Amino acid sequence: MILGSQSPSRAQILRQAGLEFSVLVSGVDEPAAVEERRRALGRQPSPAETAEILARTKAQAVARLPEAAGHLVLGCDSVFELDGRAYGKPGTGQAVRERLRAMSGRTGILHTGHWLVDRRDLAAPAEGTGLCVSARVSFAAMTPEEIDAYAATGEPLWVAGSFTLEGYGAAFITGVEGDPHAVQGLSVHGLRELLGRLGVGIQRLWRAPEQTA
């Protein structure tokens, strides 16, 4: 299987789940993909739809590459929803601080879209199949000093919603309702479901157990 994402967190989840995979980054224009879908729908996609649109775009972009021939290709993307609005990667320290102030003491929803394309048979259609896995995330009330300190770590700059479950941000998360792997960017259970739709048992992707003396 090929993971069409450069996210260290997603790769770590797959490794911890014992799955064999390689990485091939899509490099798609994410805003353009969402805008194209907005025009097709005649409305702004919901946060959950946005996550799935981006996952599909990434997976299909990688699936078109010559290196994808003969492989399954998985694309993922995460979007944080607060007050019905979609938040992706903030990109600047100012945006991080604004978002953390808005999230402080509240609960939002982290949506992770998954899209799986089967390129094992190159004569078959390469549309693929997808789903979105969502989880509610609750945050502690954060002091201004904590917000500034967290923003200064740089961790929230390039993650959806300006937080991570497995890093510095864990100190401010009071609860997760739903699949915690989805909050980290890739639901292993969701992947199992997509593989099942293609007639592939997830155990076929497991690494061979290490032999011990």
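So that you can scan it fast, the table gives a plain yes or no per residue for (1) among the charged types (D, E, K, R); (2) touching a helix residue (DSSP H, G or I) at 6+ places or on another chain (Cβ under 8 Å):
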| site | (1), (2) |
| --- | --- |
| LYS89 | yes, yes |
| ALA95 | no, yes |
| GLU98 | yes, no |
| ARG101 | yes, yes |
| ARG119 | yes, yes |
| ALA123 | no, no |
| VAL133 | no, yes |
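Based on what the data block shows, is LEU24 touching a Pro at 6+ places or on another chain (Cβ under 8 Å) and in contact (Cβ under 8 Å) with a residue 24 or more places away in the chain? When the stated conditions are applied, LEU24 does not pass them.
May I ask you to list the residues in region 143-177 that are hydrophobic (A, V, I, L, M, F, W, C) and farther than 27 Å from ALA48 by Cα?
Step one: of region 143-177, the residues hydrophobic (A, V, I, L, M, F, W, C) are 147, 149, 151-152, 157-160, 163, 165, 170-173, 176.
Correct list: ALA149, ALA152.
Being open to solvent by 30 Å² or more (accessible area, probe 1.4 Å), touching a residue at least 12 places away in the same chain (Cβ under 8 Å) and of a type outside the set (S, T, N, Q): is that true of ARG97 here? Before the answer, list the steps.
Details: open to solvent by 30 Å² or more (accessible area, probe 1.4 Å): yes; touching a residue at least 12 places away in the same chain (Cβ under 8 Å): yes; of a type outside the set (S, T, N, Q): yes.
Considered against the rule, which asks whether it is open to solvent by 30 Å² or more (accessible area, probe 1.4 Å), touching a residue at least 12 places away in the same chain (Cβ under 8 Å) and of a type outside the set (S, T, N, Q), ARG97 comes out as yes.
State whether the residues of region 102-111 include one that is touching a residue at least 24 places away in the same chain (Cβ under 8 Å) and closer than 26 Å to MET1 by Cα. There is at least one residue in region 102-111 that is touching a residue at least 24 places away in the same chain (Cβ under 8 Å) and closer than 26 Å to MET1 by Cα.
Do you know which residues across region 125-172 are among the charged types (D, E, K, R), at pLDDT 95 or above and not in a helix (DSSP H, G or I)? It would help to see each step written out before you state the result.
Filtering region 125-172 down to residues among the charged types (D, E, K, R) leaves 127, 136, 145-146, 148, 155, 166.
Among the residues that remain, those that are also at pLDDT 95 or above are: 136, 145-146, 148.
Of everything in region 125-172, just one residue is among the charged types (D, E, K, R), at pLDDT 95 or above and not in a helix (DSSP H, G or I), namely ARG136.
Tallying residues that are surrounded by 15 or more Cβ atoms within 10 Å (Cβ to Cβ), over 25 Å from GLN12 (Cβ atoms) and aliphatic (A, V, I, L, M) within region 141-181 yields 2. Meeting the requirement of 2 or more residues that are modelled with pLDDT of 95 or more, the strands (runs of 3 or more DSSP E) wholly within region 14-121 are 72-82, 107-118.
The values are calculated or read from the model by the stated rules, or taken from the named source; none is laboratory data. Just so we're clear, the structure is a prediction, and the values are computed from it rather than from any experiment. Neighbour counts run over all protein chains shown; Cβ positions are idealised from the backbone, glycine included. The protein model used for the area step is the full one, side chains on, heavy atoms only, and it has no ligands, DNA or RNA in it. Shrake-Rupley method; radii C 1.70, N 1.55, O 1.52, S 1.80 Å.
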